[in-house]
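> Let me begin by handing over the structure; questions about it come next.
The values are calculated or read from the model by the stated rules, or taken from the named source; none is laboratory data. Quantities reported herein were computed from a predicted structural model and do not represent experimental measurements. Here the Cβ positions follow ideal geometry from the backbone for every residue, glycine too, while neighbour counts run over all protein chains shown.
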Amino acid sequence: MHFVLLLIAAYLIGSIPFAVVVSRIFGMADPRSYGSGNPGATNVLRSGNKLAAALTLVGDAFKGWLAVWLADSFAPGFGIGAIAAPAAGLAAFFGHLFPVFLGFKGGKGVATAAGVLIGAKGLLGLAVLGVWLGVAFTLRYSSLAALCAALAAPALAYLFDLGPNWITAIAVMSALLVWRHKDNIKRLVAGQESRIGSKKKAG
């Protein structure tokens with residue numbers, strides 16, 4: 001029962017739509033109404049408000065980290081084993097992808113996944129972030145950077161010796177990230193994907 005409650009709490013934390021919350025605080029349009037319609041930091045950036053985009057990014061990452069931290073901090077006291085933190089991180093990630101507060105239509109999960117990875121091991125999160133930044137700043141494709149980071153994450157988790165529970169959870173997140181970017185992959189292949197900072201419609 002405690003494990004189920006942990007997963008529900010992590011899912012609800014992950015469901016908090018920071019893109020929508022921050023946009024409302026700033027008096028901006030709902031991010032689901034422009035650009036890709038995706039409630040995430042990259043789409044908020046298309047509004048031209050860099051601070052709002054940064055706060056969305058931090059908020060989405062924080063909720064992934066928070067779910068893992070809460071599991072690490074309290075699960076042992078309830079007799080929940082090593083699976084608690086990876087499962088909580090994955091639940092928070094699912095919450096971002098399928099948030100109950102937005103009719104189960106959420107973002108793509110890049111920032112939340114990054115927060116989960118940082119919660120799992122700080123150096124792992126930094127390594128994966130390095131992959132994202134390297135691709136994003138050189139090629140200026142947020143989607144391509146996310147795909148490269150997603151593909152690198154399970155291998156890096158193995159190299160950092162995180163263990164089978166974390167490697168499995170990260171592999172599931174990576175597969176879902178690739179799936180959520182399927183339209184972006186098509187546009188990348190066709191040369192139609194928007195670059196970071198563009199206000200053109202993209203995913």
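> Of the residues PHE93, PHE101, PHE137, which is farther than 20 Å from TYR11 by Cα and in a helix (DSSP H, G or I)?
Criteria check complete, one pass: PHE137.
> Can you spot a residue in the stretch 103-114 that is of a type outside the set (Lys, Arg), surrounded by fewer than 18 Cβ atoms within 10 Å (Cβ to Cβ) and in contact (Cβ under 8 Å) with a residue 12 or more places away in the chain?
No, there is no match, as no residue in the stretch 103-114 is of a type outside the set (Lys, Arg), surrounded by fewer than 18 Cβ atoms within 10 Å (Cβ to Cβ) and in contact (Cβ under 8 Å) with a residue 12 or more places away in the chain.
> Restricting the search to the stretch 26-49, which residues are touching a residue at least 12 places away in the same chain (Cβ under 8 Å), surrounded by fewer than 22 Cβ atoms within 10 Å (Cβ to Cβ) and not in a loop (DSSP other than H, G, I, E, B)?
Answer for the stretch 26-49, where residues must be touching a residue at least 12 places away in the same chain (Cβ under 8 Å), surrounded by fewer than 22 Cβ atoms within 10 Å (Cβ to Cβ) and not in a loop (DSSP other than H, G, I, E, B): just ARG32.
> Another question, then. With (1) in contact (Cβ under 8 Å) with a residue 12 or more places away in the chain; (2) closer than 26 Å to GLY163 by Cα as the list, and LEU144 as the residue in question, which single condition is left unmet?
(2)
> Between LEU133, LEU139, LEU123, which is of a type in the set (A, V, I, L, M) and more than 21 Å from ILE196 (Cβ to Cβ)?
LEU123
> Among the residues in the stretch 155-169, are any among the hydroxyl-bearing types (Ser, Thr, Tyr), modelled with pLDDT under 95 and in a helix (DSSP H, G or I)?
Scanning the stretch 155-169 turns up no residue that is among the hydroxyl-bearing types (Ser, Thr, Tyr), modelled with pLDDT under 95 and in a helix (DSSP H, G or I).
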